[in-house]
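The values are calculated or read from the model by the stated rules, or taken from the named source; none is laboratory data. Treat the numbers as computed from the prediction; the structure is a model and nothing was measured. All Cβ positions, glycine included, derive from the backbone under ideal geometry; neighbour counts span all protein chains shown. Calculation scope for accessible area: heavy atoms of the full protein, side chains included, ligands and nucleic acids excluded. Shrake-Rupley method; radii C 1.70, N 1.55, O 1.52, S 1.80 Å.
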Amino acid sequence: MTSAKSSVFVITGPSGVGKGSLISGLRERIPSLQLSTSATTRKPRGGEADGVDYHFLEPEEFDRRIAAGEFLEYADYSGNRYGTLRSEVEGRIAAGHPVVLEIEVQGARQVRDTMPAAVQVFIAPPGHDSLRSRLEGRGTDNPEAIKARLAVAEEELLARDEFQHQVVNDDLERATTELEAIVRDKLSQSPG
Ligand code: ADP
Ligand code: 5GP
């Protein structure tokens, strides 16, 4: 299978909107989807494992890899760096596997420019207060970090219409089904 036949799906949107939850449900329904493990300079949260949840890198190592051209995209987000390593994506594409990227908006814009064939989905919250309540309910970020993420989210929400597809994550099952339909439609055009 050639790379031209493989599919890349970019799932973007503000922190706390439910990207991770939706992708998890999506991968249960479509097990062939492979998730790219991102790199970050953020410290691991309790329960996160290096190489599984992220490749946790020191800032110097992240910068070295930027200079070496190892990133497909990267961005500064809320005081840390996050990026997609080419090695996470290219091997899977070459093997014909569909790949999912879960990334914030600046990175999604970069992928839109460098991989225009990638399917882009913006996940939107159902209302103004849902991001705060979901971030608080998730319990992974302190009040200061939540405030910072909500400030970034204000900007990110303005980018919604830039993206090819928008899915409102109101009810998780319903939104997963809508996302699944977008993915299956693409996979039926170009299996992989
Ligand atoms: P993201 O990956 O975009 O930061 P998460 O998937 O971690 O978001 O979801 C943030 C929180 O919101 C989690 O606690 C998750 O269980 C919850 N959540 C996700 N989707 C919904 C939904 N549709 N309705 C209510 N809560 C949700
Ligand atoms: P968190 O700290 O909650 O794990 O992630 C913070 C934000 O960074 C989320 O919006 C998440 O989607 C985004 N993110 C995770 N990995 C990447 C990546 O590889 N590139 C970019 N640009 N953003 C990422």
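To put it simply, the accessible area of the chain at a 1.4 Å probe is 50 percent carbon and sulfur. In this structure the amide hydrogen of Arg81, modeled in the peptide plane, comes within under 5 Å of the amide hydrogens of Thr41, Arg42, none closer than 5 places in sequence on its chain.
Here each label is just a point 7 Å from Cα along the line to Cβ, and for Ile30 and Glu48 those points are 2.6 nm apart. In the chain, what % of DSSP beta bridges are antiparallel (nearest 5)? Around 30 percent antiparallel, to the nearest 5.
Please work out the FRET efficiency for the pair Glu136 and Asp76, using the Cβ-Cβ distance as r and a Förster radius of 30 Å; give the result to the nearest 0.05. According to the calculation, E is roughly 0.80. For Glu70, no residue whose modelled amide H falls within less than 5 Å of its own remains once neighbours fewer than 5 places apart on the same chain are excluded.
Once the Cβ-Cβ distance of Asp63 and Ala117 is raised to the sixth power relative to R0 = 22 Å, the FRET efficiency obtained is 0.15. If I take R0 = 30 Å and measure r between the Cβ atoms of Leu150 and Arg86 in this structure, what FRET efficiency does the formula 1/(1 + (r/R0)^6) give, to the nearest 0.05? Step by step, r from the Cβ atoms, then E = 0.40. Between Pro98, Pro126, Pro31, which gets the highest mean-square fluctuation from a Gaussian network model of the chain, Cα cutoff 10 Å? Highest fluctuation of the listed residues: Pro31.
Each of Asp129 and Ser188 was given a label point 7 Å from its Cα along the Cα-to-Cβ line. The distance between the two points is 4.0 nm. Remark: the stretch 24-41, residue by residue, has Karplus-estimated 3J(HN,Hα) of 4, x, 4, 6, 5, 7, 10, x, 6, 5, 10, 9, 6, 8, 6, 9, 8, 8 Hz, where x stands for each Gly or Pro and the curve is 6.51 cos²θ - 1.76 cosθ + 1.60 at θ = phi - 60°. Helical content alone sets the calculated 222 nm signal of the chain at -13000 deg cm²/dmol, taking -39,500 (n - 2.57) per DSSP H segment of four or more residues and averaging over every residue. Computed over the chain, the P(r) curve from all C-alpha pair distances, binned at 10 Å from the origin, holds 9, 36, 40, 14, 1 percent per bin. Once backbone amide H atoms are built at 1.01 Å from N, His55 has Ser38, Ala39, Thr40 as its partners under 5 Å, excluding neighbours fewer than 5 places away on the same chain. The magnitude of the dipole of the chain, with charges of +1 and -1 set on the Cβ of Lys/Arg and Asp/Glu and taken from the Cα centre, is near 400 debye. Per-residue Karplus couplings for the stretch 45-56, computed as 6.51 cos²θ - 1.76 cosθ + 1.60 with θ equal to phi - 60°, are listed in order as 7, x, x, 7, 10, 5, x, 10, 7, 8, 8, 7 Hz, Gly and Pro entered as x.
Residue ranges 44-55, 167-178 sort as 167-178, 44-55 when ordered by packing (mean number of other C-beta atoms within 10 Å per residue, highest first).
Normalised by residue count, the stretch 107-192 yields a Cα convex hull volume of 121 Å³ per residue.
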